[in-house]
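Right, one structure below, let's go through it.
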Amino acid sequence: RRLLLVFIVNGAALGVAVSVMLFYVEHVLKGGKLQAGIILLVYFGAAAASVPLWLMLSRRISKTAAWFVAMVVTVVAMSFGFFLGVGDFIWFLPIAIFTGLGIGADYGLPPSILADVINSEEGKDTQGDTGAYFGLWALSTKLATAIGAAGSLPVAAMLGFNPSSGQYDTSALVFVYIAVPVLIKIAAALLIWFIRIEAERGSVRDEFRAARA
(Lines give C-alpha, C1' and ligand atoms only; values in the text may rest on other atoms or scores of the structure.)
Protein backbone atom coordinates (compact mmCIF):
# COMPACT_ATOMS: atom_id res chain seq x y z
CA ARG A 1 0.00 0.00 0.00
CA ARG A 2 2.83 2.41 0.80
CA LEU A 3 4.57 1.58 -2.47
CA LEU A 4 1.36 2.13 -4.43
CA LEU A 5 0.84 5.48 -2.71
CA VAL A 6 4.26 6.74 -3.78
CA PHE A 7 3.88 5.22 -7.25
CA ILE A 8 0.55 6.94 -7.91
CA VAL A 9 1.66 10.32 -6.54
CA ASN A 10 4.89 10.21 -8.51
CA GLY A 11 3.15 8.96 -11.65
CA ALA A 12 0.70 11.86 -11.58
CA ALA A 13 3.63 14.18 -12.34
CA LEU A 14 4.28 12.30 -15.58
CA GLY A 15 0.60 12.52 -16.48
CA VAL A 16 0.70 16.30 -16.11
CA ALA A 17 3.93 16.69 -18.08
CA VAL A 18 2.89 14.47 -20.98
CA SER A 19 -0.49 16.20 -21.26
CA VAL A 20 0.90 19.72 -21.69
CA MET A 21 4.38 19.14 -23.12
CA LEU A 22 3.36 19.82 -26.71
CA PHE A 23 1.54 23.00 -25.68
CA TYR A 24 4.67 24.13 -23.83
CA VAL A 25 6.86 23.57 -26.89
CA GLU A 26 4.42 25.32 -29.22
CA HIS A 27 3.39 28.32 -27.14
CA VAL A 28 6.31 28.93 -24.76
CA LEU A 29 9.31 27.84 -26.83
CA LYS A 30 7.53 28.66 -30.12
CA GLY A 31 8.72 25.40 -31.63
CA GLY A 32 7.06 23.37 -34.36
CA LYS A 33 6.17 19.72 -34.78
CA LEU A 34 9.76 18.83 -35.66
CA GLN A 35 11.07 20.32 -32.40
CA ALA A 36 8.33 18.58 -30.44
CA GLY A 37 9.20 15.26 -32.06
CA ILE A 38 12.89 15.70 -31.27
CA ILE A 39 12.13 16.50 -27.63
CA LEU A 40 9.93 13.41 -27.26
CA LEU A 41 12.57 11.25 -28.93
CA VAL A 42 15.30 12.59 -26.63
CA TYR A 43 13.06 12.33 -23.58
CA PHE A 44 12.01 8.71 -24.00
CA GLY A 45 15.36 7.70 -25.49
CA ALA A 46 17.13 8.93 -22.36
CA ALA A 47 14.55 7.12 -20.23
CA ALA A 48 15.12 3.78 -21.96
CA ALA A 49 18.91 4.12 -21.92
CA SER A 50 19.02 5.00 -18.23
CA VAL A 51 17.17 1.99 -16.81
CA PRO A 52 20.30 -0.21 -16.50
CA LEU A 53 22.18 2.68 -14.89
CA TRP A 54 19.51 3.11 -12.21
CA LEU A 55 19.50 -0.61 -11.52
CA MET A 56 23.29 -0.51 -11.11
CA LEU A 57 22.99 2.41 -8.68
CA SER A 58 20.28 0.58 -6.74
CA ARG A 59 22.73 -2.23 -6.05
CA ARG A 60 25.17 0.24 -4.51
CA ILE A 61 22.67 2.02 -2.27
CA SER A 62 19.09 0.71 -2.40
CA LYS A 63 16.29 0.74 -4.94
CA THR A 64 14.29 3.28 -2.97
CA ALA A 65 17.33 5.52 -2.47
CA ALA A 66 18.11 5.36 -6.19
CA TRP A 67 14.50 6.29 -6.94
CA PHE A 68 14.82 9.20 -4.53
CA VAL A 69 17.95 10.41 -6.35
CA ALA A 70 16.06 10.21 -9.64
CA MET A 71 13.24 12.34 -8.22
CA VAL A 72 15.74 14.97 -7.07
CA VAL A 73 17.41 14.99 -10.51
CA THR A 74 14.00 15.47 -12.17
CA VAL A 75 13.01 18.30 -9.82
CA VAL A 76 16.28 20.18 -10.41
CA ALA A 77 16.16 19.67 -14.18
CA MET A 78 12.51 20.68 -14.53
CA SER A 79 13.06 23.80 -12.46
CA PHE A 80 15.34 25.23 -15.15
CA GLY A 81 12.30 25.35 -17.43
CA PHE A 82 11.16 28.48 -15.57
CA PHE A 83 14.00 30.41 -17.23
CA LEU A 84 13.25 29.40 -20.84
CA GLY A 85 11.25 31.31 -23.39
CA VAL A 86 10.82 31.91 -27.09
CA GLY A 87 13.56 30.31 -29.18
CA ASP A 88 15.16 28.40 -26.29
CA PHE A 89 14.53 24.99 -27.85
CA ILE A 90 18.22 24.02 -27.78
CA TRP A 91 18.39 24.81 -24.06
CA PHE A 92 15.36 22.63 -23.42
CA LEU A 93 17.14 19.53 -24.74
CA PRO A 94 19.34 19.09 -21.62
CA ILE A 95 16.18 19.38 -19.52
CA ALA A 96 14.57 16.68 -21.67
CA ILE A 97 17.62 14.46 -21.20
CA PHE A 98 17.76 14.76 -17.42
CA THR A 99 14.02 14.46 -16.91
CA GLY A 100 14.14 11.46 -19.24
CA LEU A 101 16.77 9.94 -16.96
CA GLY A 102 14.36 10.38 -14.09
CA ILE A 103 11.57 8.67 -16.02
CA GLY A 104 13.92 5.74 -16.59
CA ALA A 105 14.05 5.28 -12.83
CA ASP A 106 10.25 5.54 -12.66
CA TYR A 107 9.98 2.74 -15.23
CA GLY A 108 12.66 0.43 -13.87
CA LEU A 109 12.81 0.73 -10.09
CA PRO A 110 9.21 0.58 -8.77
CA PRO A 111 8.38 -2.75 -10.50
CA SER A 112 11.62 -4.15 -9.13
CA ILE A 113 10.65 -3.01 -5.63
CA LEU A 114 7.22 -4.59 -6.14
CA ALA A 115 8.84 -7.91 -7.06
CA ASP A 116 10.86 -7.80 -3.84
CA VAL A 117 7.73 -7.05 -1.83
CA ILE A 118 5.91 -10.01 -3.40
CA ASN A 119 8.79 -12.33 -2.56
CA SER A 120 9.06 -11.10 1.03
CA GLU A 121 7.22 -12.53 4.01
CA GLU A 122 4.86 -9.58 4.22
CA GLY A 123 4.12 -9.92 0.49
CA LYS A 124 2.17 -13.17 1.01
CA ASP A 125 3.42 -14.58 -2.28
CA THR A 126 2.98 -18.11 -0.98
CA GLN A 127 -0.77 -17.50 -0.73
CA GLY A 128 -1.10 -17.02 -4.49
CA ASP A 129 -1.61 -13.26 -4.49
CA THR A 130 0.94 -12.49 -7.24
CA GLY A 131 -1.70 -11.98 -9.92
CA ALA A 132 -3.62 -9.58 -7.69
CA TYR A 133 -0.45 -7.57 -7.06
CA PHE A 134 0.34 -7.10 -10.74
CA GLY A 135 -3.29 -6.50 -11.67
CA LEU A 136 -3.51 -3.72 -9.11
CA TRP A 137 -0.14 -2.39 -10.28
CA ALA A 138 -1.34 -2.15 -13.90
CA LEU A 139 -4.51 -0.38 -12.75
CA SER A 140 -2.46 2.06 -10.66
CA THR A 141 -0.22 2.87 -13.62
CA LYS A 142 -3.25 3.99 -15.62
CA LEU A 143 -4.78 5.75 -12.62
CA ALA A 144 -1.66 7.81 -11.96
CA THR A 145 -1.46 8.99 -15.57
CA ALA A 146 -5.19 9.71 -15.66
CA ILE A 147 -5.06 11.80 -12.48
CA GLY A 148 -2.29 13.98 -13.88
CA ALA A 149 -3.83 14.28 -17.33
CA ALA A 150 -7.34 15.00 -16.03
CA GLY A 151 -6.18 17.79 -13.76
CA SER A 152 -3.56 19.53 -15.89
CA LEU A 153 -5.56 21.11 -18.72
CA PRO A 154 -8.51 22.25 -16.57
CA VAL A 155 -6.06 23.94 -14.20
CA ALA A 156 -4.30 25.60 -17.13
CA ALA A 157 -7.67 26.80 -18.43
CA MET A 158 -8.61 28.28 -15.06
CA LEU A 159 -5.27 30.12 -14.95
CA GLY A 160 -5.66 31.60 -18.42
CA PHE A 161 -4.49 29.06 -21.02
CA ASN A 162 -7.50 27.83 -22.97
CA PRO A 163 -6.96 27.81 -26.77
CA SER A 164 -10.61 26.93 -27.43
CA SER A 165 -11.57 30.26 -25.83
CA GLY A 166 -8.71 32.22 -27.39
CA GLN A 167 -6.75 32.44 -24.12
CA TYR A 168 -3.00 31.94 -24.47
CA ASP A 169 -1.49 32.98 -21.15
CA THR A 170 1.89 31.23 -21.32
CA SER A 171 2.61 31.90 -17.64
CA ALA A 172 -0.31 29.59 -16.81
CA LEU A 173 1.17 26.96 -19.11
CA VAL A 174 4.59 27.29 -17.49
CA PHE A 175 3.03 26.91 -14.06
CA VAL A 176 1.17 23.73 -15.03
CA TYR A 177 4.03 22.15 -16.99
CA ILE A 178 6.88 23.08 -14.64
CA ALA A 179 5.61 24.00 -11.18
CA VAL A 180 2.89 21.36 -10.79
CA PRO A 181 5.05 18.33 -11.70
CA VAL A 182 7.89 19.69 -9.57
CA LEU A 183 5.59 20.01 -6.56
CA ILE A 184 4.20 16.52 -7.12
CA LYS A 185 7.71 15.08 -7.42
CA ILE A 186 8.75 16.81 -4.20
CA ALA A 187 5.74 15.29 -2.46
CA ALA A 188 6.68 11.82 -3.72
CA ALA A 189 10.31 12.32 -2.67
CA LEU A 190 9.23 13.38 0.82
CA LEU A 191 7.07 10.28 1.10
CA ILE A 192 9.93 7.86 0.41
CA TRP A 193 12.26 9.95 2.54
CA PHE A 194 10.10 9.29 5.59
CA ILE A 195 8.20 6.04 4.96
CA ARG A 196 9.37 2.51 4.20
CA ILE A 197 8.29 1.05 0.87
CA GLU A 198 11.00 -1.55 0.28
CA ALA A 199 10.92 -5.04 1.79
CA GLU A 200 13.47 -5.57 4.55
CA ARG A 201 14.78 -2.00 4.29
CA GLY A 202 13.92 1.24 6.02
CA SER A 203 13.00 4.61 4.58
CA VAL A 204 15.52 6.57 2.52
CA ARG A 205 16.28 8.68 5.58
CA ASP A 206 17.01 5.54 7.59
CA GLU A 207 19.17 4.10 4.80
CA PHE A 208 21.25 7.28 4.52
CA ARG A 209 21.66 7.44 8.29
CA ALA A 210 22.84 3.83 8.33
CA ALA A 211 25.30 4.52 5.50
CA ARG A 212 26.79 7.49 7.37
CA ALA A 213 27.08 5.45 10.54
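Checked against (1) assigned to a helix (DSSP H, G or I); (2) open to solvent by less than 20 Å² (accessible area, probe 1.4 Å); (3) at pLDDT below 85, Ala199 passes all but condition (1). Contact map, segment 16-36: first residue of a type outside the set (D, E, K, R), second residue open to solvent by 70 Å² or more (accessible area, probe 1.4 Å) and not in a helix (DSSP H, G or I), Cβ cut-off under 9 Å, separation 6 or more or different chains; pairs are His27/Tyr168; Val28/Val86; Leu29/Val86. When Val25 is tested against the conditions (1) within 20 Å of Val176 (Cα to Cα); (2) modelled with pLDDT under 95; (3) aliphatic (A, V, I, L, M); (4) open to solvent by 40 Å² or more (accessible area, probe 1.4 Å), the lone failure is (4). Since Gly32 meets every condition but one in (1) at pLDDT 90 or above; (2) among the small types (Gly, Ala, Ser); (3) surrounded by fewer than 18 Cβ atoms within 10 Å (Cβ to Cβ); (4) more than 13 Å from Gly104 (Cα to Cα), which condition does it not meet? It fails just one condition, (1). With respect to the conditions (1) under 26 Å from Ala199 (Cβ atoms); (2) without any contact (Cβ under 8 Å) to a residue 24 or more places away in the chain, Ile95 falls short on a single one, namely (1).
I'd like the residue in segment 84-100 that is of a type in the set (A, V, I, L, M) and in a loop (DSSP other than H, G, I, E, B) and, out of all such residues, is most open to solvent (accessible area, probe 1.4 Å). Write out each step before concluding.
Start the filter on segment 84-100 by keeping residues that are of a type in the set (A, V, I, L, M), which leaves 84, 86, 90, 93, 95-97.
In the following step, the residues that additionally are in a loop (DSSP other than H, G, I, E, B) were identified as 84, 86.
Numbers: Leu84: 32, Val86: 107 Å².
My answer is Val86.
Restricting the first member to segment 129-144 and to residues that are within 16 Å of Tyr107 (Cα to Cα), and the second to residues that are open to solvent by less than 50 Å² (accessible area, probe 1.4 Å) and small (Gly, Ala, Ser), the beta-carbon pairs closer than 6 Å and six or more apart or on different chains are Ala144/Gly11; Ala144/Ala12.
Here is the figure for segment 48-83: residues that are part of a helix (DSSP H, G or I), out of contact with any Leu (no Cβ under 7 Å at 6 or more places or on another chain) and either open to solvent by 60 Å² or more (accessible area, probe 1.4 Å) or touching a residue at least 40 places away in the same chain (Cβ under 8 Å) (or both) total 23.
For Ser112, the test of being out of contact with any helix residue (DSSP H, G or I) (no Cβ under 8 Å at 6 or more places or on another chain), within 22 Å of Thr141 (Cβ to Cβ) and either open to solvent by less than 50 Å² (accessible area, probe 1.4 Å) or modelled with pLDDT of 90 or more (or both) is failed. Restricting attention to segment 163-178, does a residue exist that is within 19 Å of Pro110 (Cα to Cα), open to solvent by less than 10 Å² (accessible area, probe 1.4 Å), at pLDDT 90 or above and not charged (D, E, K, R)? No.
The values are calculated or read from the model by the stated rules, or taken from the named source; none is laboratory data. Predicted, not measured: the structure shown is a model, and the values here were computed from it. Here the Cβ is made from the backbone with ideal geometry for all residues, glycine too, and neighbour counts use every protein chain on show. For accessibility, only protein heavy atoms count, side chains too; no ligands or nucleic acids. Shrake-Rupley method; radii C 1.70, N 1.55, O 1.52, S 1.80 Å.
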